[in-house]
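A.B. asks: Mind having a look at this structure? Questions to follow.
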Amino acid sequence: DCAILIIAAGTGEFEAGISKDGQTREHALLAYTLGVKQLIVAINKMDTTQWSEDRYNEIIKETSSFIKKVGYNPKTVAFVPISGFNGDNMIDESKACPWYKGWEKETKAGKSTGKTLLEAIDSIDPPARPFDKPLRLPLQDVYKIGGIGTVPVGRVETGIIKAGMVVTFAPANVTTEVKSVEMHHEQLVEGTPGDNVGFNVKNVSVKEIRRGNVAGDSKNDPPRGAESFNAQVIVLNHPGQVGAGYAPVLDCHTAHIACKFSELLEKIDRRTGKSIEDGPKFIKSGDAAIVKMVPSKPMCVEAFTEYP
């Protein structure tokens, strides 16, 4: 729903983080590429700078510039100076920085202001939850619990899950009834999008289903394994050129599977998505492309337009 980018204010630390290969830059780019549209920036370790206003302003200026390049609009982002170690501006307003007048941001939902990180988190626009779509629940883990049985756990992405429902796990192709659903050790009538749930299933052993499988409603567009799929790919950082035959490991929802680039279909503009070149021979760092991918074993993927 929202990413919190933690920036270290220490001398040298901030600079290393936003350098070309720095982690801060990479994390911001990953968040944006993964579709996280809301961002909060927390400038941490302000105590090590003696709460220097100049250092804070320097960091804000640099950070605004690079998150803008990534794709975020700095006007929609709350910037908060904090000390996680001392708890300053985390939950309560700090007395250590009298110069700090608070954060403000403006989104489609309107203008909001505050002083602390907690207030910034409270001010995020709640995303629309896809209740009305068929169930999709990627498994994070599967447990065997004494006296109960097999309990898969994961986050409901779309749709709802409830006791009595007959679910199918893809690509394992296992179908079974849900006996009960719970969240944080409490029984739920139903799990809805965003809920991290555990659910008990009938007559399925821990060996039959695993992390990376996706559960869906067997009677309403159940998920299926894919032998191949077309994906929009952005090369963030690669030392050479990437061509057909390249086989990186793909992390998609909770699946972790090697997938081969079987064909580069077209090179596209990473900002607009418009085609620049048909059937390129290779792509390199900074390029975006539509690629036909073939997983090394069946995996469950869906069109983003249907299951965002």
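A.B. asks: Does GLY159 meet the test of being modelled with pLDDT under 95 and within 20 Å of the chain's Cα centre (by Cα)? Before the answer, list the steps.
C.D. replies: Working: modelled with pLDDT under 95: no; within 20 Å of the chain's Cα centre (by Cα): yes.
Spelling it out, it is not the case that GLY159 is modelled with pLDDT under 95 and within 20 Å of the chain's Cα centre (by Cα).
Here is a yes/no grid of residues against (1) under 30 Å from GLU182 (Cβ atoms); (2) surrounded by 14 or more Cβ atoms within 10 Å (Cβ to Cβ); (3) not assigned by TED's automatic domain parsing to the domain that holds GLY164:
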site: SER205; (1), (2), (3): yes, no, no
site: PRO222; (1), (2), (3): yes, yes, yes
site: TYR246; (1), (2), (3): no, yes, yes
site: LEU250; (1), (2), (3): no, yes, yes
site: CYS259; (1), (2), (3): no, yes, yes
site: ILE283; (1), (2), (3): no, yes, yes
site: GLU302; (1), (2), (3): yes, yes, yes
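A.B. asks: Have a look at TYR56, TYR72 and point out the one that is in contact with a strand residue (DSSP E or B) (Cβ under 8 Å, 6 or more places away or on another chain) and either assigned by TED's automatic domain parsing to the domain that holds ARG271 or modelled with pLDDT of 95 or more (or both). Quick ask: steps written out before the conclusion?
C.D. replies: On the way: TYR72 fails: either assigned by TED's automatic domain parsing to the domain that holds ARG271 or modelled with pLDDT of 95 or more (or both).
Checking each option against the conditions leaves just TYR56.
A.B. asks: Does VAL301 satisfy being among the β-branched types (Val, Ile, Thr) and in contact with a Phe, Trp or Tyr (Cβ under 7 Å, 6 or more places away or on another chain)? Talk me through it step by step, then tell me what you get.
C.D. replies: Details: among the β-branched types (Val, Ile, Thr): yes; in contact with a Phe, Trp or Tyr (Cβ under 7 Å, 6 or more places away or on another chain): yes.
Criteria met by VAL301.
A.B. asks: Now for a different question. So if I check each of GLN38, GLN23, which one is more than 12 Å from PHE79 (Cβ to Cβ), in contact with a helix residue (DSSP H, G or I) (Cβ under 9 Å, 6 or more places away or on another chain) and touching a residue at least 60 places away in the same chain (Cβ under 8 Å)?
C.D. replies: Numbers: GLN23 fails: touching a residue at least 60 places away in the same chain (Cβ under 8 Å).
Being more than 12 Å from PHE79 (Cβ to Cβ), in contact with a helix residue (DSSP H, G or I) (Cβ under 9 Å, 6 or more places away or on another chain) and touching a residue at least 60 places away in the same chain (Cβ under 8 Å) holds for just one of GLN38, GLN23, which is GLN38.
A.B. asks: Restricting to the range 42-73, what's the tally of residues that are in contact with a Lys or Arg (Cβ under 7 Å, 6 or more places away or on another chain) and farther than 15 Å from THR24 by Cβ? First the steps, then the outcome.
C.D. replies: Kept after step one, since they are in contact with a Lys or Arg (Cβ under 7 Å, 6 or more places away or on another chain), are these residues of the range 42-73: 49, 66.
Going one step further and asking which of them are farther than 15 Å from THR24 by Cβ, we end up with 49.
Qualifying residue count, the range 42-73: 1.
A.B. asks: Would you pick out the residues in the range 114-140 that are of a type in the set (Lys, Arg) and within 21 Å of GLY87 (Cβ to Cβ)? Don't jump to the end; show me each part of the working.
C.D. replies: Taking the range 114-140 and keeping what is of a type in the set (Lys, Arg), we get 115, 129, 133, 136.
Scanning the range 114-140 gives a single hit, LYS115.
A.B. asks: Now for a different question. Could you list, in sequence order, the residues of the range 207-243 that are of a type in the set (Val, Ile, Thr) and either closer than 16 Å to ILE283 by Cα or over 22 Å from the mean Cα position of the chain (by Cα) (or both)? Walk me through how you get there before you give the answer.
C.D. replies: If we filter the range 207-243 for residues that are of a type in the set (Val, Ile, Thr), which is where we start, we get 209, 214, 233-235, 242.
Listed by number, the residues that qualify are ILE209, VAL233, ILE234, VAL235, VAL242.
A.B. asks: For VAL201, which of the numbered conditions (1) surrounded by fewer than 17 Cβ atoms within 10 Å (Cβ to Cβ); (2) on the phi < 0 side of the Ramachandran plot fails to hold?
C.D. replies: It fails just one condition, (1).
A.B. asks: Within the range 75-89, track down each residue that is part of a loop (DSSP other than H, G, I, E, B) and either of a type in the set (Val, Ile, Thr) or farther than 21 Å from ILE59 by Cα (or both). Walk me through how you get there before you give the answer.
C.D. replies: To start, the set of residues in the range 75-89 that are part of a loop (DSSP other than H, G, I, E, B) comprises 77, 82, 84-87, 89.
Matches in the range 75-89: VAL77, ILE82.
A.B. asks: Separate question: Among the strands (runs of 3 or more DSSP E) confined wholly to the range 218-308, which include 3 or more residues that are touching a residue at least 12 places away in the same chain (Cβ under 8 Å)? Walk me through it before giving the result.
C.D. replies: Details: elements: 229-234, 249-252, 255-268, 275-278, 288-295.
Fully inside the range 218-308 and qualifying: 229-234, 255-268, 288-295.
A.B. asks: Just a yes or no: is a residue in the range 4-14 under 24 Å from ASN237 (Cα atoms), in a helix (DSSP H, G or I) and in the same structural domain as SER112 (by TED's automatic domain parsing)? Write out each step before concluding.
C.D. replies: If we filter the range 4-14 for residues that are under 24 Å from ASN237 (Cα atoms), which is where we start, we get 4-8, 12-14.
Within this subset, residues satisfying the condition of being in a helix (DSSP H, G or I) are 13-14.
From what's left, in the same structural domain as SER112 (by TED's automatic domain parsing): 13-14.
Yes - at least one qualifying residue is present in the range 4-14.
A.B. asks: Looking only at the range 99-136, which residues are at pLDDT 95 or above and touching a Pro at 6+ places or on another chain (Cβ under 8 Å)?
C.D. replies: Within the range 99-136, TYR100, PRO134, ARG136 qualify.
A.B. asks: Another question, then. Here are SER123, SER94: which of them is over 30 Å from VAL178 (Cβ atoms), touching an Asp or Glu at 6+ places or on another chain (Cβ under 6 Å) and surrounded by 13 or more Cβ atoms within 10 Å (Cβ to Cβ)?
C.D. replies: Details: SER123 fails: touching an Asp or Glu at 6+ places or on another chain (Cβ under 6 Å).
The conditions single out SER94.
The values are calculated or read from the model by the stated rules, or taken from the named source; none is laboratory data. In this text the structure is predicted, and so the values were computed from the model without any measurement. Here the Cβ is made from the backbone with ideal geometry for all residues, glycine too, and neighbour counts use every protein chain on show.
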